[in-house]
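Comments concern the structure below.
The values are calculated or read from the model by the stated rules, or taken from the named source; none is laboratory data. No experiment lies behind these values; they were computed from the predicted model shown. No Cβ is skipped: glycine too gets one built from the backbone with ideal geometry, and neighbour counts run over all protein chains shown. For the accessible areas, the whole protein counts, side chains as well, though only heavy atoms, and no ligand, DNA or RNA atoms are used. Shrake-Rupley method; radii C 1.70, N 1.55, O 1.52, S 1.80 Å.
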Amino acid sequence: MHPRRIVSTAPIDKIAIDILQEVAPVEIAPSPDESTMLTLLEGTVGLVARGTEGSITQRIIQGCEMLRVIGRPGVGYDTVDVAFATQQLIPVVYAPIGGFAVAEGALAILMAIVKKIQLADSILKSGQWRRRYEMSSGDLTGHTLGIIGVGRIGARLAKLVQNFEMTVLGYDPFLKKENLREVCLELVQLEELLRRADFISVHVPLNDHTRGMINQERVSQMKSGAIFINTSRGGVVESLDVLADALESGHLGAVGLDVFPTEPPDVSHRLFRHPRFVGAPHLVGVSDLAMERMYRSMATDMVAVLQGRRPQYCVNPEVCKKLAES
Ligand code: NAD
């Protein structure tokens, strides 16, 4: 029999490994796909779902006889079959504490687009100084930002832009009042947000209701020249074609994406060649501070579960409650 181990779908930081090794050695799967993961389940007491390339599926959970906890070093847990884990009484711990980096990242992408930082940089470095006389950049000041999903990250973004003299609109049908503490925004319906916002930033979780919510019809409802930013999950946008079409027709002013419907995306898609597209490889949440906090939190919570204690951040707290009572 294989000795106890914890298996991660992709490399994780030393901070997490050091903490997890208190209970079992950590093994990194050579590939996150299901067939590889299925070969690594013997003796596995904990699974780490790192990245978005692989998923902790029902088959993996079912095949993992000694499994006691699943960990996600981040806030989105759409790569874990939480419903099945819950049914099997497996706690899924996560780390909803790094959102500040995503809010900063969304703002950085927006500002890079509005201030044309990439173009300015290339003009300078290619010795085209005089092109500055043909160029101008935009402003956040005096413009309207629309935030779709006013949770931890969306609310943080609203707070970050408060000194820009902007109008901030929010759409969130399930808004939790505590997220609005010290945040000043006008809550509106989605149609109104799309119609009024110069800049739109999406911060919803990926689920059956949000999958494909930014489709051709919704894009056509956006203001002409609007800048669309998505740092939530790629699947929230129906397809890259929808965005590429809107850029090519001139309806959208620019698009900034950190996340893609499939990751890694096929970068031969025409969107990636459009001059008004700015992208990042699912990176904005991966700041030093955010990762350190998230790894520490996830690993500490996984160890807590493995040692029979309650974790701090659990996606399915009802499981922890049941385990504590049993
Ligand atoms: P959160 O749960 O605090 O906030 C999500 C908000 O979206 C909630 O207020 C919820 O009510 C709202 N919402 C749900 N369905 C909606 C809908 N149909 N329309 C409008 N609003 C809706 O989560 P968070 O911590 O703010 O994170 C948001 C998402 O960002 C995560 O689910 C994750 O997928 C993504 N994320 C991305 C990165 C990255 O690296 N790019 C990192 C962290 C999180």
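Take the Cα of Glu318, step 7 Å along the line toward its Cβ, and report every residue of region 58-78 whose backbone nitrogen sits under 11 Å from that point.
Backbone N within reach: none found.
Relative to the longest principal axis of the C-alpha atoms of the chain, give the angle of the C-alpha long axis of helix 99-114, reported between 0 and 90° and rounded to the nearest 10°.
20
Could you sort 26-39, 229-242, 56-69, 278-291 so that the peptide with the highest average Cβ count within 10 Å comes first and the rest follow in order? Write down the numbers at each step before the final one.
Values: 26-39: 14.6, 229-242: 21.8, 56-69: 18.7, 278-291: 17.1.
Per-residue mean Cβ counts within 10 Å order the peptides as 229-242, 56-69, 278-291, 26-39.
Could you give me the radius of gyration and the Dmax of the chain, taking only the C-alpha atoms into account and expressing both in angstrom?
Over the chain's Cα set, Rg and Dmax evaluate to 21.5, 74 Å.
Using only alpha carbon pairs under 8 Å that are at least six residues apart, calculate the relative contact order of region 158-226 and give it in whole percent. Write down the numbers at each step before the final one.
Values: 51 pairs, mean separation 21.9, N = 69.
Contact order relative to length: 32 percent.
Can you give the charge dipole size of region 213-326 about its Cα centre, rounded to the nearest 20 debye, using +1 on the beta carbon of Lys and Arg and -1 on the beta carbon of Asp and Glu? Write out the running numbers ahead of the final one.
Numbers: 12 positive and 13 negative charges, 76 e Å.
It works out to roughly 360 debye.
If you average the sequence gap of Cα pairs under 8 Å that are 6 or more apart and divide by the length of region 88-171, what percent do you get for the contact order?
Taking the mean separation of contacting Cα pairs over the length of region 88-171, I get 34 percent.
From the residues Gln21, Pro73, Gln58, which one has its Cα farthest along the dipole of region 1-126 in the positive direction, the dipole being from +1 and -1 charges on Cβ of Lys/Arg and Asp/Glu about the Cα centre?
Pro73
Of the heavy-atom accessible surface of region 5-101 (probe 1.4 angstrom), what whole percent is carbon and sulfur?
49
State, as an integer percentage, the relative contact order of the chain based on alpha-carbon contacts under 8 Å between residues 6 or more apart.
Numbers: 642 pairs, mean separation 61.7, N = 326.
Relative contact order for the chain comes out at 19 percent.
Cα axis of helix 288-306 to longest principal axis of the chain: angle in degrees, 0 to 90, nearest 10?
Its long axis makes an angle of about 30 degrees.
Which order do the peptides 117-129, 163-175 take when ranked by the mean count of other beta-carbon atoms within 10 Å per residue, highest first?
Result, highest mean first: 163-175, 117-129.
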